[in-house]
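Down below is the structure, laid out as structure tokens.
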């Protein structure tokens, strides 16, 4: 398995006491306020540590969002907005910008908490993948965790971003370019697990080539979405995508070379391996550049991993073998242009984000409990005349970064020859 994941920091958030005035002290309404506060605190307590289980995080998230859903929609309604949607002001930092935004919008809160949960899933996958010995079950969990991350972020992109009262900050976690980059990153990284498994089981080279090609394209799409953002902030992350895109393009050409060689197309095989070698050279140069580029997030060190290092000698050996055989046996012309890679062969192993849905509203949100809340005087300082939050940079100063539990680095990768042990 490829262990060299780039991970961006978690978002930070301000304390939220859910102080909402009431017309009357309804017991369910009082419990809603208490449970909102406690369940939010529980989610925020879990997210900085990737060593927690998926079940722990999902259970805590479900509990909080079932309660928070009453701030989004009227109880019993599928589309009607809750009268409490703009009643509370939420403060969140953006993971890469570091600046703090303040919005009186429950959609902003749910979108922010879900993005942070997506980051947790990515960090959980990285934590498992960094182990020196990784079991089949752990490899499956890496795969699952990355699909869940993609699904959560896709829900934010498709469902919540269009509903925001104020557009997210340029380059913020609720910017569509950023969410698209994350969805492609998580999906491509999940496919890396599939490719590692396919290589271990010695699957058809055409299939491996097609999977690697699709994965390369996803990393390119992720990079393309960051082109229009501030490169002093986003250049480091973008460089990671561009490096991985070239690396998997090299894999794609290498395995396509194997496939055409099996069909006695030695000239085409030589051209594939020449292209593979060129792409790997670019990836190696990009890895060096990536390590030098400043920017938020961790720094992967692919050049130290077996999965990266093993490819160069394989490509060189296969290329030399093909050139010898072509000289002695085939005498085929080597094409000037690279051989076209398979595009529709990868039907097995392509990853789709795991569909995520917001949980049903908590049964505490009865009509009586909802009626007990008084929204008439709430959030007046945070709203303009239209009830929209100002969405400006928080005057109280930026929130302090989250203290995350570090992931133990394993720079060499797994111990076997391929660097992709999934036993």
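Where a number appears in this text, it was derived from the coordinates with a stated rule and is not lab data. Predicted, not measured: the structure shown is a model, and the values here were computed from it. As a convention, Cβ positions derive from the backbone with ideal geometry for all residues, glycine included, and neighbour counts pool all protein chains shown.
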Self-check item: Compactness relative to 2.2 N^0.38 Å, alpha carbon Rg of region 60-133
Solution: 1.40
Exercise. Order by neighbour count: 186, 266, 322, fewest other Cβ atoms within 10 Å first, most last.
Key: 266, 322, 186
Exercise. Please give the length that would be gained between residue 330 and residue 140 if that part of the chain were fully extended, namely 0.36 nm times their separation in residues minus their C-alpha to C-alpha distance (nm, one decimal).
Key: 64.1 nm
Exercise. With a point put 7 Å past each Cα toward its Cβ, work out how far residue 167 is from residue 294 in nm, to one decimal.
Key: 2.9 nm
Practice problem: Could you let me know the centre-to-centre spacing of region 20-44 and region 51-82, using Cα atoms, in angstrom? | Solution: 13 Å
Quiz item: Can you pull the Kirkwood radius for region 203-349, inverse mean 1/r over Cα pairs, to one decimal in Å?
Solution: 16.0 Å
Practice problem: Mind sorting 18, 219, 23 by how few other Cβ atoms lie within 10 Å of their own Cβ, fewest first? | Solution: 23, 18, 219
Exercise. Calculate how large, on average over all directions, the projected area of the Cα convex hull of the chain is; give the answer in nm² to one decimal.
Key: 21.4 nm²
Quiz item: Please state the Cα pair-distance histogram of region 1-66 with 5 angstrom bins from zero: what percent is in each bin?
Solution: 3, 13, 20, 19, 16, 11, 8, 4, 3, 2, 1, 0
Quiz item: What order do you get for 365, 237 when you list them from fewest to most C-beta neighbours inside 10 Å?
Solution: 365, 237
Self-check item: Label-point separation in nm, residue 33 to residue 314, each point 7 Å along Cα→Cβ
Solution: 6.2 nm
